[in-house]
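Notes follow once the structure below has been shown.
The values are calculated or read from the model by the stated rules, or taken from the named source; none is laboratory data. The structure presented is a predicted model; accordingly, all values stated were derived computationally and were not measured. Cβ atoms come from the backbone with ideal geometry, glycine included; neighbour counts cover every protein chain shown. All accessible areas refer to the heavy atoms of the entire protein, side chains included, with ligands and DNA or RNA removed. Shrake-Rupley method; radii C 1.70, N 1.55, O 1.52, S 1.80 Å.
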Amino acid sequence: MRAMRQAISSGTQHLRPVQDDALSARYVEIGLAVREAFRTPALRETFIARLKPHRRLIAGSVPAGIQQHGLLPARAATCRLSDVSDADLAQWLVDDGRLIYGEFTQQELDNYFNEMAPYLPPKGHFIDLGSGLGKVVMSAALAFPGLRCTGVELLTYRHEMAQVRLAEMLAAGVAENRGVAANVARRIRLVQQDMFDADVSDASLVYVYSTCFAPLMDRLADKLARELQPGALVTTVTFPMQHPAFELVKQFSPPSVAWTTVYLYRRRSALDPLPAEPPKFLYEQDSAAWEYAVRAAFAAYDATSGA
Ligand SMILES: C[S@@+](CC[C@H](N)C(=O)[O-])C[C@H]1O[C@@H](n2cnc3c(N)ncnc32)[C@H](O)[C@@H]1O
């Protein structure tokens, strides 16, 4: 087991290939326009005016995609921010946030699985929505020998990296203990899919690393409320899931499990009526604080770019 754990222990700092394929052409086009407005002093008031009304959609102050570690290619913009509609800009900000990558450390995952162990049925189904490089799915399969473990990831390159990582883990396992490796292999499934299309109906525990999913929390809660069986568990990270179909079982404040809060919910009885419309509990960033942070980011960019 030790070799298998080692094979999946890193990934947060993986190289992000730029997203420049047909699937993400619109993401790139809008992203380049947003980045140009951020970098060009004459366009910065437009940047602030256009993004400020949508600041609740931004994870932090400056969208991740236009920063150094973002997924955008190095080329110049082909359209102006002023040509991008408000609706397209809002959607771009949601897409940009949810594609940010992050993983718990192995220690944090161990803490998490220790806390979950008393709540899990011996032969359940664990699903990671937005599974990235698959570390959580594979670690869950190692931690719980009776659990089927599924990862659902949207981005092709991350799904492919997860498959490579799984193959590496299994190869390490075969050398160590063929029987254990075969058992783990049977229980892991990695799927490339939009999490909103994923079938979660037989899940015992759904894991969502939701730190950058603030604008998606209500939609996610609504999907889970409609599809999960009574008693099914959900954990979210950083952001709570505020929906009447779920009761909060436990809140793990940092640093008990991880650097950020982990919330554990249970789907209430199927008899509870569900609201026709999902509730709206989006988080709001203070307007002046956001603008202050953005202007500081302009200055930091100028200082490093030699402008
Ligand atoms: C913060 S990472 C977490 C990765 C992994 N769950 C972990 O904890 O190690 C979130 C992942 O969700 C993926 N993602 C974002 N939106 C998605 C969607 N609609 N469907 C599936 N995956 C999505 C992102 O590409 C990213 O890999």
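Structure data summary
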| quantity | calculated |
| --- | --- |
| Residue list for the range 107-126, restricted to those being more than 11 Å from the ligand (Cβ to nearest atom) and either among the small types (Gly, Ala, Ser) or surrounded by 14 or more Cβ atoms within 10 Å (Cβ to Cβ) (or both) | ASP110, ASN111, PHE113, GLU115, MET116, ALA117, TYR119, LEU120, GLY124, HIS125, PHE126 |
| Of all residues in the range 43-86 being among the hydroxyl-bearing types (Ser, Thr, Tyr) and assigned to a helix (DSSP H, G or I), the one that is least open to solvent (accessible area, probe 1.4 Å) | THR46 |
| Residue match in the range 226-241 (condition: surrounded by fewer than 22 Cβ atoms within 10 Å (Cβ to Cβ), more than 8 Å from the ligand (Cβ to nearest atom) and in a helix (DSSP H, G or I)) | yes |
| Check on SER139, small (Gly, Ala, Ser), within 10 Å of the ligand (Cβ to nearest atom) and part of a helix (DSSP H, G or I) | yes |
| Any hit, the range 173-188, residues being more than 11 Å from the ligand (Cβ to nearest atom), free of Cβ contacts under 8 Å to residues at least 24 places away in the same chain, of a type in the set (Val, Ile, Thr) and in a helix (DSSP H, G or I) | yes |
